[in-house]
Every structure is written in C-alpha cells, then in structure tokens.
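Data block below; observations after.
The values are calculated or read from the model by the stated rules, or taken from the named source; none is laboratory data. Only a predicted model underlies this, so the values are computations on that prediction, with no experimental measurement involved. Cβ placement follows ideal geometry from the backbone for every residue including glycine, while neighbour counts extend to all protein chains displayed.
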Amino acid sequence: MSSIREFPDVNLALIEQTGQAFFAYAEGGTHFTYRSPAFQESFPLAEESTAPASLLRLVHEEDQSYVLDRLAHVLSRKVLTLLEFRVQLPKRQEQWVCVKASAIEGAAGNLVIGHVEDVTLQRVYNDHLKRYSNKKNSVLNILAHDLAGPLGMIQNLSELLAEQLNAHEEEETQEVLRLIERMSKHGSELLREFMNQEFLESSHTELITRRVNMVAKMGEALEEYKIVGGELMTKTVSFTSSSDEVYAELDDLKFMQVITNLISNALKFTADDGIINVRLEEEENSVLVTVADNGVGIPAKYHPILFEKFTEARRPGLKGEKSVGLGMSIVKTIIEWHHGEIWFESAEGQGTTFYIRIPKKQNKLGPAI
C-alpha cells in the first residue's frame, strides 16, 4: 500500500499544525494513506469503513455522480478543485461539506490530497439570505408594476380635475391637486428607480457559482409572486419543469435576478388578466429556461438592438412604467458570464418568449453545489 511519506511535497508537520481535517489516498487504493486527527474527529468511522470508495455511500444519492465526476477531474487535471455536497454520517443529521482536493503525481501513482470542512451552517445561512433577496425582488416588481397603475390613475385624475377647474377660482383646490399629482408621480418614479438601482448594483459584484437545484430556486421565486402579490397581482404567473430536480452550476442570486427581470418585463408589457409562463427544461449537458407572455410583443424594428446598452428599444410599460434601457444588456452579460446564451421570439400583438440556455457545468474553478 502506498504511503503518504512517499510524496516529499506533502509536509505532515505543517498539516498537523493547521488543525484542519486533511486526508490523502492513493488512486486505486483500498484505504486512506493519511487522515489527520481533525479528520478522524469530524468523521469518526470504523476502520473497515474507511476505504475511499466505500465513503461514496455516505454521499447524498443526488450528489454521488457529481462527486465522482469532480474527483475524476482532479485526477485528470492535477489542479485544486472545490466541491460542496451533502453527506449522511451514522447517527448524525445530514451535513453539507466542502472538499478542496488536488492530485500529486508520485512514483507509485497519483495521490489525492485535500481537506474537508463542515459548511452546513454557512449553507443554511446563505440560502436564507438568498431566499430573502428573491422575496425582496418579487415585492419590488409587484410594487413597481401593479401599484404603478393606481398611482398613474391618481395622477391622470388630478390633472383632469385641474383642467376642469377655473384657473382664477378654487386656487386652494388647484394647489391640492398639483400636490396630489406631484406625489403620485414621485411615488411611481421612486419605485422604478429603486428597482433599477438594486439590479444595477448587484450586477457589478463578482460571480460566485455553485451547484444548485434550479427547480427549487425558481419555484421559491415564483411562489413569492403569488404570496406577496395577492390582489395586486393582476396577471397569472405559472412555473413548470421537466423534472422535480434539475441541477446546474450557477450564481443563483444573479441568475434569479435575470429571471426576475424577464418576469418584470413580461408584467410590464402584458395586459391585466394576461398570462406569463416560466418553463425549465433539462437537456443532456445544458438547461433551457423559457419565459413566455401573451402581451403586446416587441416591434420588429427593436429586435436587433434589444440587448444593447441605452438602446432605443426601451419603452414605457402599459401602465407608464419607465425603463433605463440597461436591463436587457445586463441580463445578456450575466448569462454570458455563465457561458450561456439568450435569445427571443416576438411579434406585435402575439406576445414574447425569451430563451436562456446555460451549461450544467461551468468551465471555471469555484464553489460547486
């Protein structure tokens, strides 16, 4: 059996002093060649259960193929790889662990070395923050679009009443109407500006990918529209998927902002009682997302320039919602960061369908699940 001491690049003294859960095993070996005290304390397994291959049984069934694929990547590339996955240790609750592994080539073959960290608490905390962020974005969209109508109506009515009143009489009433007009207009612009600013600021942060269940993430976001919208939601928003679980490596916070932005546009250009359908399709090596509406459609003259910055294609919504013209440009950039593509089909009066295709695996190192 190969020994870790056959590999002079591995400094055991330094490893022991870190207090981290380090491990090492030879490719094809039947047992670990090294387990640090912290590793043995974190993963107290019987000696007969410590074969690297047998540990795969402790990995969550949904993550096993992913773990095998990433470990094969370590052996073939000899580079540091990060992966997060779920494990079920005896007499413990399900845990999320982060493994950082690489391979060293020695006389006896490849030696896989790395360390393991329990990231369950961080994972739960981050998921909570992202659910909150998605809920916030849903609330902003509902406020910006469905409150824009009543606010716009108040503004129009105040203007109409002001015109009907004698300019030299009822001066006090005129002033009240002007105040109502200014306040309603300011409220509409404030909602729109706040949502635009949120989207712009977050789009400039670093992309951090991990492997996520897109069905769960998109389902949570779409459910917020139903829960938060209540009576304000005047359109029907539905979500379907080709299967119960579809996994892909992505920055779920940024990707969900893309989906939110597309739904936002669909709401803006779809009449009351309209329908917006969001669909998730798993393909062999990619995932296809479609956002379709039966709204007013995009005029043909805007098709070639829709994804340009400050494009002339920016239009006010059916209820007068404004646009800074940056949304679709940023959407395209975020999708390209994910090595994906976005396109659309639309005709005036026949609605619009946006298509997003992203690979299941990203061609970069980083957090995985």
- [ ] Check whether at least one residue in the stretch 282-302 is of a type in the set (Ser, Thr, Tyr), assigned by TED's automatic domain parsing to the domain that holds Glu245, in a loop (DSSP other than H, G, I, E, B) and at pLDDT below 90, and report yes or no.
- [x] no
Task: Elements of type strands (runs of 3 or more DSSP E) in the stretch 201-276, at least 3 residues being modelled with pLDDT of 80 or more and within 21 Å of Leu83 (Cβ to Cβ) - done: 210-213, 247-250
Task: Qualifying residues in the stretch 330-348 (those that are part of a helix (DSSP H, G or I) and of a type in the set (D, E, K, R)) - the one nearest to Ile305 (Cα to Cα) - done: Lys332
- [ ] Search the stretch 331-356 for residues that are within 17 Å of Thr260 (Cα to Cα) and pair each with any residue that is polar (S, T, N, Q) and not in a strand (DSSP E or B) when their beta-carbon atoms are under 6 Å apart and the residues are at least 6 apart or on different chains.
- [x] Val331/Asn261
